[in-house]
1. Under unit Cβ charges (Lys, Arg +1; Asp, Glu -1), what dipole magnitude, rounded to 20 debye, does the chain have relative to its Cα centre?
2. Using only helices, what value at 222 nm comes out for the chain when you add -39,500 (n - 2.57) per DSSP H run of length 4 or more and divide by the total residues, to the nearest 500 deg cm²/dmol?
3. Provide the gained length on full extension for the span residue 257 to residue 316, in nm with one decimal, where the gain is 0.36 nm per separating residue minus the Cα-Cα distance.
4. What lysines sit close enough to residue 72 to cross-link, taking a C-alpha to C-alpha distance under 28 Å and skipping anything fewer than 8 places away on the same chain?
5. Provide 83, 137 in ascending order of the number of other Cβ atoms located within 10 Å of each residue's Cβ, fewest first.
6. By how many degrees, 0 to 90 and rounded to 10, does the Cα axis of helix 167-177 deviate from the longest principal axis of the chain?
7. Could you check which residue among 258, 320, 211 shows the biggest mean-square fluctuation in a GNM of the chain with a 10 Å Cα cutoff?
8. Sort 316, 188 so that the residue with the fewest other Cβ atoms within 10 Å of its own Cβ comes first and the one with the most comes last.
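All of the numbers you see were taken from the coordinates with simple rules; none came from a lab. All values derive from a computational prediction rather than experimental measurement. Glycine also receives a Cβ, built like all others from the backbone with ideal geometry; neighbour counts cover every protein chain displayed.
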Amino acid sequence: MMTWVLLGVLLTVSGCTASVSISCRNEQGEDVDWYILYKQPSIDGENGLKYLYMDESTQGWVEGQYTINDEKSAVGQTLKPLFAYHGTESDSFGYILYNDQPPVPYRTASSSYGHSKGVVLLDKNTGIWLSHSTPDFPGVDIKAFWPDSGHYNGQTFICGTYKYSAFKDIAIQLQYIHVYSFDSHIPSSFDPELQCVAHKKCYPKEAPWYRQLTMTTLAGKTFVSYAKYSKLHDDLYSGVLDKYLGGAFYAKSWGRLRHPLPSNCSVKYDVYNVATMQLPTTEPFSVTVDHSKWTVMVDMTEKPWTCIADMNREVSQEYRGGGAVCTDNTDVWQAFWGVVSTYELCN
């Protein structure tokens, strides 16, 4: 009888060891509820793979111990379930990789799809939504998940860990954005809303052409997602976020646009384009070397909102889907507010 008990214990331990939890992870491989990551740009040809990191425990930016292309980076650790299960067609694990500029050999998305980039990993217990701004990401090999093109420009990431039940609504947000899923596996037993996103079949059929979703992480923290569909024909920042954030804010987007939208003081709350930034680890730099997209409130007297977004303030992107994930965490607000060096005044 003792032999059977011992065998049962060994099988249980073995099973736990073999399983891979689905969670945002820090550099130690520990599960974290959420994190935000800022990959700094390459200034003078150096340091283009270093990054700053924050989660609930850091109270602001801390320097990454590894470069972002290292499998021990926070991003590499978070993607481990993808590499463990990719190609197995598991009935208990699903993923959606979406990017309007996907890695080779996938084709660049047409402009009918959202200007958006992200990763969804989940099982029937928990999942992550990792929204980011990096083209050609991720590769599906742990040794080459970071693209060669990702060395030069600044990028941002936001990762949240949620219960499986939250992903039905998250999938609807992704339908509004109309994400370009370039690689996916969603088991037939998972929610049909996720199937629709994976197969690029679903999108909103009637107004309003934008949607707000309040999300609760595994540890009970609140994040708010804003998504707009292409038929809104308006800017994500001055047309959607301006309705909700409750005050003037700085908007950071890519600095090499054909038809950029100027700062806007004709809407309810002023929207100021960020012009130059300075991270705690860098000299000041221009938006022309930073591909990240984010907003931070000018003043935190109302709510200290910070949003990590996926769209630029560009005329053509008024006619594409996109979105932002926002938090009123004071430490996050302080960290991003401190990054703004100069901004563009309204005409």
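1. Numbers: 27 positive and 37 negative charges, 171 e Å.
Value, rounded to 20: 820 debye.
2. Working: 6 runs with 54 residues, N = 347.
My calculation for the chain gives -4500 deg cm²/dmol from helical runs alone.
3. On the way: separation 59, 0.36 × 59 = 21.24 nm, distance 0.98 nm.
Computed gain between residue 257 and residue 316 is 20.3 nm.
4. Partners found: 39, 50, 80, 117, 124, 143, 163, 221, 293.
5. On the way: 83 18, 137 25.
With the fewest neighbours first, 83, 137 line up as 83, 137.
6. The helix 167-177 is inclined about 40 degrees to the chain.
7. Highest fluctuation among the options: 258.
8. Details: 316 12, 188 7.
Listed from fewest to most nearby Cβ atoms, that is 188, 316.
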